[in-house]
1. What are the residues in the range 26-60 that are touching a residue at least 60 places away in the same chain (Cβ under 8 Å), of a type outside the set (A, V, I, L, M) and not in a loop (DSSP other than H, G, I, E, B), if any?
2. What are the pairs with Cβ atoms under 9 angstrom where one residue, in the range 112-133, is more than 15 Å from Gly163 (Cβ to Cβ) and at pLDDT 95 or above and the other, located anywhere, is away from ligand 2 (no atom under 16 Å from the Cβ) and polar (S, T, N, Q)? Sequence gap at least six, or different chains.
3. Run Ala138 past the list (1) hydrophobic (A, V, I, L, M, F, W, C); (2) more than 14 Å from the chain's Cα centre (by Cα); (3) farther than 30 Å from Ala171 by Cβ and report the number of the one that doesn't hold.
4. Is it the case that Ala177 is in a helix (DSSP H, G or I) and of a type in the set (A, V, I, L, M, F, W, C)?
5. Go through the range 54-78 and give me each residue that's within 16 Å of His11 (Cα to Cα), of a type in the set (Ser, Thr, Tyr) and surrounded by fewer than 21 Cβ atoms within 10 Å (Cβ to Cβ).
6. Return the residues of the range 61-78 that are in a helix (DSSP H, G or I) and farther than 20 Å from Ala131 by Cβ; say none if nothing qualifies.
7. Looking at the range 29-61, which of its residues are within 10 Å of ligand 1 (Cβ to nearest atom), of a type in the set (A, V, I, L, M) and farther than 19 Å from Val71 by Cα?
8. Looking only at residues that are in contact (Cβ under 8 Å) with a residue 40 or more places away in the chain and part of a loop (DSSP other than H, G, I, E, B) in the range 79-99, which one is surrounded by the fewest Cβ atoms within 10 Å (Cβ to Cβ)?
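The values are calculated or read from the model by the stated rules, or taken from the named source; none is laboratory data. Note that the structure is predicted; figures quoted are calculated from it, not measured. Virtual Cβ from ideal backbone geometry, glycine too; neighbours counted across all protein chains shown.
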Amino acid sequence: MNTEKLIAVLHKIAEKIETEKEYLTELDNVIGDGDHGINLARGFKEVEQKLEALAGKEPADVLKSVGMTLVSTVGGASGPLYGTGFMKAGGALKGKSEIGVADFLDAFRQAIDGVKMRGKSEKGEKTMLDAMIPALEAMQAQWEQEQDAAAVFLAGVEAARKGVEYTKTIAATKGRASYLGERSIGHQDPGATSFTMLLEVVAKAL
Ligand code: ADP
Ligand code: MG
């Protein structure tokens, strides 16, 4: 993936989030404050407006700019968390004009580490990490088995979807949903859901 392709994917992500914003907000209504979709849609709309100006930059700079835009425009917990993720991914790709699958996996790992650090969170707390971490693990395993990009992304999407299902079975211990404690059980996490959407868009675009 080069900058041109990356920018095309980011447009698709913005489109997807815009389409799904009501749904994401509904999910957040049940266990949070009902702003997740609105928050993300606002952020990615702002991202889209900056994409044209980034066409001549390297992928790392595009991702850093996306991250900074999300941090500054998305209210709520998810802005800084997604923002940090994109910035860390950018940091991992510094100097590269082409992103291969191995680069992607490295950037994804650093993005996850950024989210963990920023959110002081781990797997099993009913957050976006419950889709991200299993997705990375599945993609890494698939890549080691067979160096086929399509299969790797398919494995990631499948694992992220399972992660979303898993979030229904556990109580939130981080973020607003943690105020509900055990009452959050039975409901899927909005952040895990939105992350799965992002990965689906990337997988489909590649
Ligand atoms: P807020 O909770 O501030 O209203 P959003 O509604 O935009 O922010 O985002 C909520 C999502 O953010 C949750 O569904 C969860 O996936 C994610 N989240 C919240 N806190 C954390 C955290 N500490 N670590 C990782 N993800 C988190
Ligand atoms: Mg919210």
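1. From the range 26-60, those touching a residue at least 60 places away in the same chain (Cβ under 8 Å) are 27-28, 30-33, 36-37, 40; that's our starting set.
In the following step, the residues that additionally are of a type outside the set (A, V, I, L, M) were identified as 28, 32-33, 36-37.
Of everything in the range 26-60, those that are touching a residue at least 60 places away in the same chain (Cβ under 8 Å), of a type outside the set (A, V, I, L, M) and not in a loop (DSSP other than H, G, I, E, B) turn out to be Asp28, His36, Gly37.
2. Gly114/Thr84; Met117/Thr84; Arg118/Thr84; Gly119/Thr84
3. If we test Ala138 against (1) hydrophobic (A, V, I, L, M, F, W, C); (2) more than 14 Å from the chain's Cα centre (by Cα); (3) farther than 30 Å from Ala171 by Cβ, just (3) comes out false.
4. On the way: in a helix (DSSP H, G or I): yes; of a type in the set (A, V, I, L, M, F, W, C): yes.
The answer is yes for Ala177.
5. Across the range 54-78, the qualifying residue is only Ser65.
6. Within the range 61-78, the subset in a helix (DSSP H, G or I) is 61-73, 78.
Asp61, Val62, Lys64, Ser65, Met68, Thr69, Val71, Ser72, Thr73 - these are the residues of the range 61-78 that are in a helix (DSSP H, G or I) and farther than 20 Å from Ala131 by Cβ.
7. Ile31
8. Ser97
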